[in-house]
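Peer 1: First, the structure itself, so that you have it in front of you.
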Amino acid sequence: MEERAPADPTTALSAPSTEPPPLAEVQKAVASPLGEPATDFTFAVDAMAPTNSTRSGTVKVVDSRNFPVSQTIAASFVTIQPGGLRELHWHPNADEWQYYIKGSGRVTVFDTGPQAQTADFQPGDIGYVKKSFGHYVKNTGSTELQFIEVFKADRFAEVSLAQWLACSPPEMVSELLNIDPSLIAQFSKSRTDIVPT
């Protein structure tokens, strides 16, 4: 009986391929006689205007309000300029998963107790923050920091510590935190999301 050499696994799985045709041609070939679906299944985050923008960065929120098919996932695309900080905040409706795309950042998460944990992130890293845990993200590099925040919820929800304090009775905040009321008056009643450090 003649022995055969084992097949080369790299060639066994390869198949001849050609460059795909233009997208419009493929869409025409697979078009249904019933027409296009009523719901879009793609969303161009790069083309949308920021939900919130400051000189220190931008946040673009995608959820069921602007992408109706997104009934169980909400996300935000965050860009922080060098020297910027995603201010201290928490999400009351879902845990947060972070995926780092570009740059370098440092995240501090505040647990009950009080306890805190700080970690550094680079492109390709994933971070996790439990629902209602306060946290902030600082750009630690000299280039833009970009990451995606993902939530198992139909809507993005966030509470900014500064906004929360600004919208609380100033006398109460001053007394409880033992700070000057004039400092409280400087807090913004609107979300700023990203601030300079």
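The values are calculated or read from the model by the stated rules, or taken from the named source; none is laboratory data. Predicted, not measured: the structure shown is a model, and the values here were computed from it. Here the Cβ positions follow ideal geometry from the backbone for every residue, glycine too, while neighbour counts run over all protein chains shown. Ligands, DNA and RNA are stripped out before the accessible areas are found, and what is left, the full protein with its side chains, is counted by its heavy atoms. Shrake-Rupley method; radii C 1.70, N 1.55, O 1.52, S 1.80 Å.
Peer 1: Having 1 or more residues that are open to solvent by 30 Å² or more (accessible area, probe 1.4 Å), within 22 Å of Glu144 (Cβ to Cβ) and of a type in the set (A, V, I, L, M, F, W, C) is the bar; report the strands (runs of 3 or more DSSP E) wholly within segment 46-112 that clear it.
Peer 2: On the way: elements: 52-54, 57-62, 74-80, 84-90, 96-102, 105-111.
Those strands (runs of 3 or more DSSP E) span 74-80, 84-90, 96-102.
Peer 1: Could you please find all residues in segment 96-110 being of a type in the set (S, T, N, Q) and within 13 Å of the chain's Cα centre (by Cα)? Step through it out loud before you land on a result.
Peer 2: Within segment 96-110, the subset of a type in the set (S, T, N, Q) is 98, 104, 108.
Gln98 - this is the single residue of segment 96-110 that is of a type in the set (S, T, N, Q) and within 13 Å of the chain's Cα centre (by Cα).
Peer 1: Restricting attention to segment 147-182, report how many residues are assigned to a strand (DSSP E or B) and either hydrophobic (A, V, I, L, M, F, W, C) or open to solvent by 30 Å² or more (accessible area, probe 1.4 Å) (or both). Please lay out each step first, then the result.
Peer 2: Here is the first cut: in segment 147-182, the ones assigned to a strand (DSSP E or B) are 147-151, 159-160.
Remaining after also requiring either hydrophobic (A, V, I, L, M, F, W, C) or open to solvent by 30 Å² or more (accessible area, probe 1.4 Å) (or both): 147-148, 150-151, 159.
Qualifying residue count, segment 147-182: 5.
Peer 1: Enumerate the pairs (first residue in segment 173-188 and farther than 19 Å from His89 by Cα; second residue anywhere and of a type in the set (Asp, Glu)) with beta-carbon separation below 8 Å, excluding pairs fewer than 6 apart on the same chain, so at least 6 apart or on different chains.
Peer 2: Ser174/Asp180; Pro181/Glu171
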